[in-house]
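The values are calculated or read from the model by the stated rules, or taken from the named source; none is laboratory data. Values in this document were obtained by computation on a predicted structure and should not be read as measured data. When we count neighbours, we look across all protein chains shown, and the Cβ atoms used for this are built from the backbone with ideal geometry, even at glycine. Surface accessibility is based on the protein's heavy atoms, side chains included, excluding ligands, DNA and RNA. Shrake-Rupley method; radii C 1.70, N 1.55, O 1.52, S 1.80 Å.
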Amino acid sequence: MASVRGRSTQLGLWSAFLAGCTVGGAATGAVLGVLSGLLSPVPDLWRAGLLCVLVPGLVLLDLAQPVLRLPQRTELIPRSVFARGLARGGFRFGVEYGCGVRTLVPSAASYVSALFVLVAVVPLGWAVLLGAVFGAARTLAVLQYILLGRPGWQHFLSGHTRALERSGTVVTAALVTWATVLLVS
Amino acid sequence: MRSVTAAVPATRRWTADPLLLLALLAATAVTLTLVPRSGAAAATWQVPALLGVVASGLALSGST
């Protein structure tokens, strides 16, 4: 984004990126929502108990490991997605980035969210919405950069990226646990 | 690069940082838990679930 000049052009590209990320996230949410149906015969309390074991486990894993080692794709999204122009490229990049499985996932936060959708067996519509919101949330930092960023933004952020990833995991885990308690109560 | 980076005030840096958004989100969640249960929003699972996926999206911002 930094190589694109002009705020209006950047906002246009961000809009395409937002649309793509939302679609990509919604697709992942839909897949998780459908797969969660397999767990629907399991009683609510058992599934809540499973979450109460796995979510803290993921948090501890993220806090303990210098670099998160969980199953993920280790390749970056290729620059060739922009071959057909910025808008199309921004959308396509967004779809791959927003789905959360097509590139690096350096924080356990997304695993915690995915686990919640999968194990809590939320209604399919909510699974899709949660996925879409996840995808859209991945674009917020880019919007922050466009509206408030200054030269050196990426360098400053890279100084505490791991803290952001770990904090995000802790906050996500707390919120998912709260949602689980409300679901079973 | 170093001189340009140093010229930007720290407050301005943090204003444009996703960690601040994450902190605001966490503060919102804490406020919701402290609000009396009469608030309908605080009593539904959807609110923390939605906040949770936003937090997980923000957590990955460093790889943008």
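Shielding value for A:99-109 is 3, the average number of Cβ atoms from other chains within 10 Å of each residue's Cβ. The simple spin-label model puts a point 7 Å past each Cα toward its Cβ; for residue B:10 and residue A:46 those points are separated by 5.3 nm.
For the protein assembly as shown, the extents of the C-alpha atoms along the principal axes are 57, 39, 36 Å, listed from largest to smallest. Shown are A:50, A:140, whose ranking by accessible area with a 1.4 Å probe and every protein chain present, most to least, is A:50, A:140. Ligands, DNA and RNA excluded, the heavy atoms of residue A:155 present near 120 Å² of accessible surface to a 1.4 Å solvent probe.
What's the longest piece of chain A with no exposed trypsin sites (Lys or Arg not before Pro), counting a site as exposed if DSSP puts it in a loop and it has at most 15 other beta carbons within 10 Å? Intermediate results must be reported in sequence, preceding the final value.
Working: sites that count: A:5, A:69, A:73, A:84.
Maximal segment without exposed cleavage sites: A:85-185.
With a 10 Å cut-off around each Cβ of A:148-156, the average count of Cβ atoms from other chains is 6.
Divide by every residue of the protein assembly as shown the summed helix terms, -39500 (n - 2.57) for each DSSP H run of at least 4, and state the resulting mean residue ellipticity at 222 nm, rounded to the nearest 500 deg cm²/dmol. Show your work: numbers first, answer last.
Values: 12 runs with 172 residues, N = 249.
Calculated mean residue ellipticity at 222 nm is -22500 deg cm²/dmol.
In this calculation the C-beta distance from residue A:7 to residue B:23 is compared with R0 = 41 Å, giving a FRET efficiency of 0.95. Counting only heavy atoms of the protein chains and using a 1.4 Å probe, residue A:93 has close to 50 Å² of accessible surface. Of A:52, A:99, A:21, the residue with the largest accessible area leads and the full order is A:52, A:99, A:21 (1.4 Å probe). Taking every residue in B:10-20 and counting other chain Cβ atoms within 10 Å of its Cβ, the average works out to 6.
The residues of the protein assembly as shown have, on average, 49 Å² of accessible surface per residue, using a 1.4 Å probe with all protein chains present. The phi-based Karplus calculation (6.51 cos²θ - 1.76 cosθ + 1.60; θ = phi - 60°) puts the 3J(HN,Hα) values of region A:52-59 at 5, 8, 6, 5, x, x, 5, 4 Hz, whole numbers, x for Gly and Pro.
Ligands, DNA and RNA left out, the accessible area of chain A computed with a 1.4 Å probe is 70% carbon and sulfur.
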